[in-house]
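A short write-up of the structure that comes next.
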Amino acid sequence: MTEQITEKKHCAMDTRDLVTLLADLAEQIEILIGKKGTISVFRYAGKQLGKRLGAGQEGDAEVARAIVAKFFQDKEFMDAVSLQGQNAELRGCRIGLVLRERGIDAGSHALCNFGFGLIDGVTEAVTGRRIITLHVASEYHEAGITCHETW
């Protein structure tokens, strides 16, 4: 008897797939606990992840921001993160693009609040100071989306 070996095709999720899945999850949670509850849950989850990312690292806000920027870029959630003072510019935000396709403005969705919580958690872990990250504006353009936040 001859054995036939079949190669199993590997289907990895890319960042867009992950963001789409999380957006679907947020929609289902919103049905159960409402929009404010969903935002709170996602922001809390982001903050807990942020605390883990920043654990054991000490420094100022710039160290915390560098950790967050590297995370966003390594995970391909953003093309680039520029920081100036208390302001951040997030170019090529994959979350904002998925939300746009769903007719949802970036900055107010639970997924955006996950990112805001992540920033808050890393900053608190690294600096010992609490902050509240807020969305300022989003710009949709030919190259994608650019979000402006206060950190």
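The values are calculated or read from the model by the stated rules, or taken from the named source; none is laboratory data. Please read all numbers here as calculations on a predicted model, not as lab measurements. No Cβ is skipped: glycine too gets one built from the backbone with ideal geometry, and neighbour counts run over all protein chains shown. Side chains included, ligands, DNA and RNA excluded: accessible areas come from the protein's heavy atoms. Shrake-Rupley method; radii C 1.70, N 1.55, O 1.52, S 1.80 Å.
Can you give the longest stretch of the chain with no exposed loop site, where a site means trypsin sites (Lys or Arg not before Pro) in a DSSP loop (not H, G, I, E or B) with at most 15 other C-beta atoms within 10 Å?
Free of exposed loop sites, the longest segment is 10-74.
Could you order L21, L53 by accessible surface area, starting with the largest, using a probe radius of 1.4 Å?
Sorted descending by solvent-accessible area, the residues read L21, L53.
Would you calculate a helix-derived [θ] at 222 nm for the chain, using -39,500 (n - 2.57) for each DSSP H run of n ≥ 4 and dividing by the full residue count, to the nearest 500?
After summing the helix terms and dividing by the residues of the chain, the value is -18000 deg cm²/dmol.
What whole-number value in Å² describes the accessible area per residue of the chain for a 1.4 Å probe?
61
Under a cut-off of 14 Å between alpha-carbon atoms, report the aspartates and glutamates in cross-link reach of K47, not counting same-chain residues fewer than 8 places apart.
Straight-distance partners of K47: D120, E124.
If you work out Rg and Dmax of the Cα atoms in Å from the coordinates, which of (i) 17.5, 71; (ii) 13.9, 39; (iii) 16.8, 56 do you get?
Computed from these coordinates, Rg and Dmax of the Cα atoms in Å corresponds to label (i).
Arrange the residues E101, E149 by how much accessible surface each exposes, largest first, with a 1.4 angstrom probe.
Per-residue accessible area, sorted high to low, gives E101, E149.
Label-point separation (nm) for M13 and E76, each offset 7 Å from Cα along Cα-to-Cβ?
Taking the simple label geometry, M13 and E76 are separated by 1.4 nm.
Would you mind computing, in nm to one decimal, how far apart the modelled labels at Q86 and A55 are, each placed 7 Å from Cα along Cα→Cβ?
My value for the distance between the label points is 3.0 nm.
When only C-alpha pairs under 8 Å and at least 6 residues apart count, what is the relative contact order of region 2-151, in percent?
30
What is the dipole size for region 1-150, taken about its Cα centre, with +1 at each Lys and Arg Cβ and -1 at each Asp and Glu Cβ, in debye to the nearest 20?
460
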